[in-house]
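The values are calculated or read from the model by the stated rules, or taken from the named source; none is laboratory data. Note that the coordinates shown come from a computational prediction; the quantities given were computed from them, not determined experimentally. All Cβ positions, glycine included, derive from the backbone under ideal geometry; neighbour counts span all protein chains shown.
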Amino acid sequence: MPAQKDHSESTSQGRRPGRPRGTKPTATGRERLLDIALDLFSRQGIANTSLNAIAKEAGVTPAMLHYYFNSREQLLDAMVEERFLPLRSAIGAVFDAHPDDPVTALTLMVKKLAELAGQYHWFSPLWMQEVIGEMPVLRTHLQARFGNDKYQATLANIARWQQEGKLNRELAPELLFTTLLSLVLVPFSRMRNDERLKALSPEIIVRHALAVIGEGIGG
């Protein structure tokens, strides 16, 4: 009958290419795939992790993975938007709350970084590999997403704080955040595979980082 035919055609037209028959998209399935992708990325780097490897790790067909993420770029977009940006916003909120007190903001930033690194096991190794290290797939993606304006505004804020006497004038603005990130995230990243650092705790890492930035290494 006409009504049944229209319904059948609508159903057929509504099926996205690549979806295995008899399956339905679910938020849980999509989140699980993102979790697995992040875990693999953090262990072996984005450049060394194919979509097929993610599908194999998840125990799904490549067609199912492509149903949720049509391409590698779409997967990276989802990872940035849904996993990295909330963490970035949490860190940025510290500075929004203390715009004229950079010492307090930077101190709280160290604590927030440790909190996030402890909560999200992929955060520190992936950040170290991809943003600070020599595997810049994610860094390139973030730069394309945000441009250079935010970075330049951050450098301008640091220079202003130095001129106002709120930060040490000897600090290099270009290195400040990289230094703080490294003080926290390198130990968290190393703790995963270095037996010598297994005894470290988030509290020890934070205390060490704050001692370095607060008093330096002089006696």
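List of remarks:
- Of LEU138, LEU171, LEU116, LEU142, all but one fail to be at pLDDT 90 or above, crowded, with 18+ Cβ neighbours inside 10 Å and either within 30 Å of LEU40 (Cα to Cα) or of a type in the set (A, V, I, L, M) (or both); the exception is LEU116.
- Any chance MET79 is part of a helix (DSSP H, G or I), modelled with pLDDT of 90 or more and within 26 Å of PRO136 (Cβ to Cβ): yes
- Among the residues examined, ALA105 does not qualify as within 20 Å of LEU38 (Cα to Cα), part of a helix (DSSP H, G or I) and hydrophobic (A, V, I, L, M, F, W, C).
- Whether a residue is of a type in the set (Ser, Thr, Tyr) and either exposed (fewer than 12 other Cβ atoms within 10 Å of the Cβ) or more than 19 Å from ARG88 (Cβ to Cβ) (or both) was assessed, and SER182 does not pass this test.
- Failed item in (1) surrounded by fewer than 16 Cβ atoms within 10 Å (Cβ to Cβ); (2) over 18 Å from the mean Cα position of the chain (by Cα); (3) touching a residue at least 40 places away in the same chain (Cβ under 8 Å), with GLY165 passing the rest: (3)
- Selection within segment 149-162 - surrounded by 12 or more Cβ atoms within 10 Å (Cβ to Cβ) and either touching a residue at least 12 places away in the same chain (Cβ under 8 Å) or polar (S, T, N, Q) (or both): THR154, LEU155, ASN157, ILE158, ALA159, TRP161, GLN162
- Selected residue (only one of ARG139, ARG145, ARG169, ARG192 is part of a loop (DSSP other than H, G, I, E, B), touching a helix residue (DSSP H, G or I) at 6+ places or on another chain (Cβ under 9 Å) and under 26 Å from ASP39 (Cβ atoms)): ARG192
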